[in-house]
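All remarks here apply to the structure that follows.
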Amino acid sequence: MNTTKQKRSASAASLSQPSKIHRYTAAFLPPLILGAGVIGLWYYISFGLLEEKRRFLLRPIHSVIDVGFLDGDNRSESLKALWSSTEVALIGLSIAIGLGFVLAILMSQAKFLERAIFPYMVTLQAIPILAIVPLISFWFGTGQRSRVVVCVIIALFPIIVNTLFGLQSAERGMHDLFTLHHANRFTRLRKLMFPAALPAVFAGLRISAGLSVIGAIVGDFFFGKGEAGIGQMLKKHANRLNGEELLACVILSSALGVLVFWIFGVIQNKAVGRWHESNSATS
Amino acid sequence: MNKDLNTSASLSFDDIGMIFPDGTEALQNITFDLSRGEFVTIVGPSGCGKSTLLKIASGLLEPTNGSVEVDRERLGYVFQDATLLPWRTVSKNVELLAELHGTDAQERKRLVQESIELVGLEGFENHYPKSLSGGMKMRCSLARSLTLKPPVFLFDEPFGAVDEITREHLNEETQQLFKQEGFAGLFITHSISEAVFMSTKVLVMSARPGRIVAEFEIPFEYPRKPDLRFDADFAEMCGKVSVELRGSHS
């Protein structure tokens, strides 16, 4: 009797829980199919639409892999540039996180500070980087420091907006509870506002992580002194019409963006996945 | 209503009046006392100022007239929503108020265990609020306040959002807690049967501005059994309160 019950519950569990294979298939098959479609289209454009003399516009994928990734010299040059850009992105992102948190916390503590600071943050975010390139080079030179500054300017805004939104997201009743029990400002921040802010904070971090990679590459385009980043490589290969190397650098840049986005997704799942209602953090 | 001078009162309202900055007069001449071992429920039409009175009692709002006497150091307050912190497990939520009051870790652990047992949430200590039913969330909220051993417990229509059967169970458990812990309870509700089932006294409030227009002593012995709800005397008492409540709307 007992065994029958156990069997029944086991089969019920297996019915209600999709198998691992089924889950992996559901997760990976759609992007794989789309990826295969894109590769097919890529080949069609390279060989079907472009004549040989114009094929440098879109080299076929096997040629990109061959020249861009399997050629030792090209590979080590690209990876070195990628590492340089990664460093810039990480330093820029760290500064943006620190600065963004401090400003958002300050704004969450006093309405007049929010009114004072927020318009300038919106303005900073709205300034086209191209317009302030000369100023940045006057103040910070034309090397890595300026690339980091560009990175910070691009990555800062989503962190501030999301952190502030998160800090203000705790419900009125929860604040009343803390008021009733005489919680001071610091306790309220630590035990209520900051944990409540975490889902929004991570949403901001994921956006800013991607933007920091873009910032590092954009910064590279304008401030090329010192060790070359991936942006410099893109510029160089574009000027020389090196289609394969150019596409290899684009793929590496995208991979870096996806990697940082994914890392923050994993951290988000670890930090809030267990309790957050939506449980929608994907890694 | 004349104030019945009671020197042992745990909670005392003296001529409370409340006018909001927009000019809305919410409360007028509210005067009554509440002592340990008393469970008073206020019923009244929506928007008559019942919740405002509770907020004044707790210190969340300052009255524009009159005064309140109550020890706010260990005040139990159950909100309309359970107000559980979603990132804390049941036991961590129950521990919160003791934490805010600076109770040491060992004593906190004991209080949490005791309170969880009192509300029947054993086995759910490590669950997060998102996996609890509405009734369990309210039990958790009750347990959180119980860790303070509050001499006065304020309930702001806490069971309004749960289904009828769960609400009846929670009513029975709350009146058992009241008898066991002996606190002074002030309860707000729209449900007349809930008010009569749990209380030693029911106060009827008028439409805005809220005033106390009637008072009923509820004579039934504690502990009150679920069957009491089918008793003729219970129905008669509910009828009396209902008639006054209908009158207070006009």
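Each value in this text was obtained by applying a stated rule to the coordinates, not by laboratory testing. Bear in mind that the values here come from a model prediction, so they are computed numbers and not experimental data. Cβ coordinates were reconstructed from backbone atoms using ideal geometry, including for glycine residues, and neighbour counts include every protein chain displayed.
A few points about this structure:
- Spatial separation of Cα centroids for the stretch A:186-229 and the stretch B:68-145, in angstrom: 36
- Listed by Cβ neighbour count within 10 Å, with the fewest neighbours leading, A:Cys249, B:Cys48 appear as B:Cys48, A:Cys249.
- The residues neighbouring A:Trp275, those whose beta-carbon lies less than 12 Å from its own, together hold a net charge of +4 under the Lys/Arg +1, Asp/Glu -1 convention.
- For the segment A:178-184, counting C-beta atoms of other chains within 10 Å of every residue's C-beta and taking the mean gives 6.
- Once the Kirkwood radius over Cα pairs is known for the stretch B:1-82, the Stokes-Einstein relation at 20 °C and 1.002 mPa s delivers a diffusion coefficient of 159 µm²/s.
- The residues neighbouring A:Phe140, those whose beta-carbon lies less than 12 Å from its own, together hold a net charge of +3 under the Lys/Arg +1, Asp/Glu -1 convention.
- The angle separating the long axis of helix B:164-181 from the principal Cα axis of greatest extent in chain B is about 90 degrees.
- For the stretch B:189-250, the convex hull spanned by the alpha carbon atoms encloses 72 Å³ per residue.
- A:Ser63 sits among other residues whose Cβ lies under 12 Å from its own Cβ, and their net charge, with Lys and Arg +1 and Asp and Glu -1, is -2.
- Couplings for the stretch A:74-79, taken from phi via the Karplus curve 6.51 cos²θ - 1.76 cosθ + 1.60 with θ = phi - 60°, read 4, 4, 5, 5, 5, 5 Hz in order; Gly and Pro are left as x.
- Counting neighbouring beta carbons within 10 Å and listing from fewest to most, the residues B:Lys137, B:Lys130 come out as B:Lys130, B:Lys137.
- Whichever lysines have a C-alpha closer than 16 Å to that of B:Lys240, once near sequence neighbours (fewer than 8 apart) are set aside: B:Lys201
- Isotropically averaged projected area of the stretch A:19-58, using the convex hull of Cα atoms (one quarter of hull area), nm²: 3.1
- Cα-based Kirkwood hydrodynamic radius, the stretch A:49-99, one decimal, Å: 13.5
- For the protein assembly as shown, taking Cα atoms only, Rg and Dmax work out to 32.5, 103 Å respectively.
- Fewest-first ordering of B:His249, A:His237, A:His175 by other beta carbons within 10 Å of each residue's beta carbon gives B:His249, A:His175, A:His237.
- 5 angstrom amide H check on B:Thr64, placed H, neighbours 5+ away: B:Gly17, B:Met18, B:Ile19
- Chain B - convex hull of the alpha-carbon atoms, volume per residue in Å³: 131
- Only beta bridges with both residues in chain B are counted; by DSSP, about 45 percent of them are antiparallel.
- Scaled to the globular estimate 2.2 N^0.38 Å, the Cα spread of chain A, given as radius of gyration, is 1.31.
- Value in Å of the Kirkwood radius, where the stretch B:85-149 supplies the Cα pairs that are averaged: 11.3
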